[in-house]
1. When the Kirkwood hydrodynamic radius is evaluated over all pairs of different C-alpha atoms of the range 166-337, what value in angstrom, to one decimal, is obtained?
2. Applying a 10 Å radius around every beta-carbon, put 225-235, 68-78, 203-213 in order of their mean neighbour count, most first.
3. Given a Förster distance of 51 Å, report the FRET efficiency between Glu126 and Asp411 from their Cβ-Cβ distance, rounded to the nearest 0.05.
4. Between Gly400, Val427, Gly387, whose Cα lies farthest towards the positive end of the dipole of the range 343-499 when Lys and Arg beta carbons carry +1 and Asp and Glu beta carbons carry -1, centred on the Cα centre?
5. Which shape class, rounded, prolate or oblate, goes with the range 343-499 when its Cα gyration tensor gives a ≥ b ≥ c as root eigenvalues, a/c under 1.5 marks rounded, and past that a/b bigger than b/c marks prolate?
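Coordinate-derived values only; no laboratory data. Keep in mind that what you see is a predicted model, and the values were worked out from it rather than measured. Cβ atoms come from the backbone with ideal geometry, glycine included; neighbour counts cover every protein chain shown.
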Amino acid sequence: MQAKEQEGSSACTEAEAGAAAAAASETATNTKADTATDAAAIEEAEALLHQGRLVEARQAAQRALDTGGPAARLYTALGRAHAAEGDDDHDDRAEAVYRAGLDAFPEDIDLLSAYAELCLNADYLERPGRHRRGPELAARVRELAPGSVQALRAERAAGGKGAPKPVRVQRHDARLVLKLSPAPRTAADRTRIQAGARPEDERLAVLAETLDTLVRPGRGPLRLMVVHPLASTLLSWASYAAILLAVPALHLSAWAACAAVLPLLPSAVLQLILRGARRRARTHTSTAPTHTPQDLTFPVLPPVPTPTPRDRITDALVLATAVGAAAGSVTWSQIQYRDYPRYTVAAPLSLGNVDRLELTPAQQGMADQLNVNFAGVAHETFAYVYGNEELGRTAFAVFGATGDFHQMTPDLLNELRHGLETSGLTVSAEWNADPGRYGGWMKCVTYKPAVSVPEVACGWADKGSMGIVITADRGSGGSVGRNSAADAARQAREAVLHRGAERPGPEV
């Protein structure tokens, strides 16, 4: 009886032990699954961060924090994804994330290092409190992990004025490796191997990202700009200056000056590419080294030299070229715009087989009207009538004004037809004519006065003169009649006005 009770008790104990073991096994399995899920979420967020997909990285990290609970690496990835945006709002959110992470993990080196970098890079005028926290956080990192990768990154962020700018380091390293490697693709591959073997080296990470993007198809000119910075810079800005100065020199439209930005576009594209590479490298997290052995033939990255006198001279030349070309082009264009041809008015006593008629009612009426219309505007007005005095016939009349009309446009000649029609005259034809050797614009119209034969009025305008020649319509019609009227207008204009060194002959 006692033996049976002992056997029953032993069986119960074994059953309870088996149930406990099964429960423990299930708990361990669930824990491993949760751990694997958390690790996968962390790796996903860090991978997105490294690829520069900042929005997706933030979403992945925040989702993992909401569902899986706090994790220092998730806080670090989320904060870096905000900080990499480079604007004040995201910097504020990054600081909030880092502080929340440090509340849960106060001695996590990666969190402390990331927060220290954010504070050390903050503007001491706009964010003085954040900037002051930087040295304290960097000191805490050095205290917890002296000589670590995180401590080195914090020290680099605190480099101050003596440290070269990231873009200078980036260009220096890319130029060095591209010059020493047989082919760009080879240089990129070797750098990627080194960066994988030394993930703690942020400088190598920047170099690897830079070369990866520079060796893509169609980016050969950008590589040349990196390898030969002095020549490419001078060539770009010299082209910029040449285009700006060509606008006034060749009398091109002011819109042509917009083409001056074209030589600068490659430099702008290169800047964007380099900035993107630095941003992707900044999101680089310190993971374990790969098993790939280091390339012992890879060139050692030396300290970046300080700017040389040649660099300063180049910068000064670029600045002088940019400012000088822009100012010179604008000044030259303004001088041209405000300049106008100077004319001397001297009408010959005879022109062809017609004579200049003096003190005719038509001539006096036109002269008086011009004096009223151009008072205070023109330098000189003129009105002449030519014809046969013995027969009492008028061949043509020419009248106008000279002066500073540098704002003149061909639209003024459109008023010729409008003025005639406003006076009650009927315009039967209108056409543009060749203005002749004095340039400017010319337009002719045919109209019918109320009590005489049809007439042709050809008006001209340039930046130094304007006027009208009125002749009788010869009735030949078509292009022959139009050409005859325009020829007469050009001859009258050039006989009355004399430009520059031209001097009229004596009035005989």
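1. Values: mean 1/r = 0.0550 Å⁻¹.
By the Kirkwood definition, the hydrodynamic radius is 18.2 Å.
2. Working: 225-235: 16.1, 68-78: 21.6, 203-213: 23.5.
So the order, starting with the most tightly packed, is 203-213, 68-78, 225-235.
3. Details: r = 52 Å, r/R0 = 1.03.
It comes out at approximately 0.45.
4. Val427
5. Values: a/c = 1.32, a/b = 1.09, b/c = 1.21.
Because its axes are fairly even, with a/c under 1.5, the range 343-499 counts as rounded.
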